[in-house]
Every structure is written in structure tokens, then in C-alpha cells.
1. If a residue must be of a type in the set (Val, Ile, Thr) and over 22 Å from residue 194 (Cβ atoms), how many such residues does the stretch 157-180 contain?
2. Filter the stretch 183-208 down to the residues that are closer than 18 Å to residue 256 by Cβ and not in a helix (DSSP H, G or I) and list them by number.
3. Name the helices (runs of 4 or more DSSP H) wholly inside the stretch 214-261 in which the number of residues that are more than 15 Å from the chain's Cα centre (by Cα) and surrounded by fewer than 18 Cβ atoms within 10 Å (Cβ to Cβ) is 3 or more.
4. Touching a Leu at 6+ places or on another chain (Cβ under 9 Å), at pLDDT 95 or above and part of a helix (DSSP H, G or I): does that describe residue 20?
5. Listed residues 98, 94; which is away from the ligand (no atom under 16 Å from the Cβ), charged (D, E, K, R) and in contact with an Asp or Glu (Cβ under 8 Å, 6 or more places away or on another chain)?
6. Which residue, of 86, 106, is more than 21 Å from residue 167 (Cα to Cα) and charged (D, E, K, R)?
7. Checking the conditions here, which among 116, 106, 121 is acidic (Asp, Glu), within 16 Å of the ligand (Cβ to nearest atom) and in a helix (DSSP H, G or I)?
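The values are calculated or read from the model by the stated rules, or taken from the named source; none is laboratory data. Everything numeric here is computed off the predicted structure, so don't read it as measured data. Every residue, glycine as well, gets a Cβ built from its backbone with ideal geometry; the counts of neighbours run over all protein chains shown.
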Amino acid sequence: MRYIEPHGHMVSRTTDDYTAMAMAGCACVCEPAFWAGFDRSSVDGFYDYFCQLTEHEPARAAKFGLPHYTWLCINPKEAEDVKLAEEVIDIIPKFLDKPNVLGIGEIGLNKNSRNELRVFEKHVDLAAKHDQLILIHTPHLEDKLKGTRLIVDALKNDKRIKPERVIIDHVEEHTIKLVLDSGFWAGMTLYPESKCTSARAIDMIDIYGDERLWMNSACDWGVSVPLAVPRTALEMKKRGHSADFIDKMIYQNPLKFLSQTPRFKLP
Ligand SMILES: [Zn+2]
């Protein structure tokens, strides 16, 4: 089995996780910038985090034979402080030429507030000006549908944005169709409890098809499973999906989306 982990917060994971992923057939891991579990107090905290994502974590991943890529932003959870968010957005261009940077993400909405939307639009503007791919986080539970609609509308209003260069992540049964019908890619996040289980993800693949769709573990500092993607591949096999079909879902699809940036090159 070979697979790409397109969304994993590896700075939170152990070396055992890296070993297990490499042994399971992981070809590379892509790490979006994320909330640390606490609010950073200054732009300097983000500067250090971006150094970690673009220099130190790739070096750690390389010890396990795994290429490491990253996405940069200030997470929506920290977007209420618009002044801080603007300061962080201002330093991102310094990092965009680092060899492992895929684009801007994971941006989006958390509570669907006015400030979050303002900061989201600033990130989209940054991505458009620098011709970057975009990875989007959608809110949890009851805020998800409204937040996804707000995000899709904001992106459609910006004529510079090409939907095929945007992936909207954490889709569920009530948001996947809106995302795919609007021309975007959709990501399904495999969590043991919230978001989406393996069974639900495979149901969605069976209903909505295998185009512009990927799966990720989003493994972070909370309850999450770094091997969620290969585990789901085993579930797909049990359900009778062919090896070629599984390979498309867990390897070829993420490869196709990510190859839109010239910086993504698998060895
Ligand atoms: Zn994430």
C-alpha cells in the first residue's frame, strides 16, 4: 500500500507515529499551520512556528524517510485579534519560497464571526497575489453548514480564485455536495469520534464518486489516529473496492491536487 497523508499536524506527534506511518506506506506528509491548543501572544510566536514548519519538522520527518510539506497561515481560532492576524499575514511572504511550502492553510472559519471572515478574506487575497494553493478548515458541528456556505460564497466572489486550486476540508454528509458542486476539492477528515469515521467516509465515496476527493487523519494534539488513512483503505478493501480504486483515493488524488504547485515533488 502507498498513501499520502495530506493533512497531519506532525509537530504534535511522536517519533513512533512517524515510524508507523512510514511502515504503513506513507509517501509524504503535509502539515497545515494550526492552533497550538493555546493562543500565541505575539507575531514572534508565529515566526518561530513557521520556522518549525519549514525547517525543523522537515528535518525530523526526513529521519524517518518521509518528505514533509507544509501550509502557512494564522488559524481561524486566533483570528479574533485582527491586528495580530494582520501582523502574521505580513510575515508569511518571507516563508513562501521555502522548498516545502504548498500554499496558504488551513484558513477558514471556526465560529463564523465577522472578524474570522475578514481574516479569511485577507488570507485568500494573500494566496491570490502569490498564486498559492489554498487549504480550508470548516467549522465543527452546528456551525459547519453555515460556515461552509460563507466560505464558498467568499471564494466565488473573488474572481482570481480557481476552484480546482482550493481544497475545502472536514466535509461531512451535509456539506460535501455543496463543495464538489461548486468545483472545489473536498477533504474528509477521519477522526475516531467527531468529524468523519472510516465507514462514513466510504459511504460518501460510494455516493459522490472518486473525483476531487481525498482523505486525511488531521492527526494533531487531540484524540486522533495517525494511521487513519491506511486503516480506511483496509475498510475499503473489506467492502470490495479494488486496489486501483483505493490507490486513487489515498495516493493519486492527493498527488493530483498537490502537483498543482511546482514545489510538490515526490522522490
Ligand atoms: Zn488541521
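1. Number satisfying all stated conditions: 2.
2. The answer is 183, 184, 185, 186, 187, 188.
3. The qualifying helices (runs of 4 or more DSSP H) are 228-238, 243-247.
4. yes
5. One residue alone meets the criteria, 98.
6. On the way: 106 fails: more than 21 Å from residue 167 (Cα to Cα).
86 is the lone residue from the list that is more than 21 Å from residue 167 (Cα to Cα) and charged (D, E, K, R).
7. Numbers: 106 fails: in a helix (DSSP H, G or I); 121 fails: within 16 Å of the ligand (Cβ to nearest atom).
When all the criteria are applied, what remains is 116.
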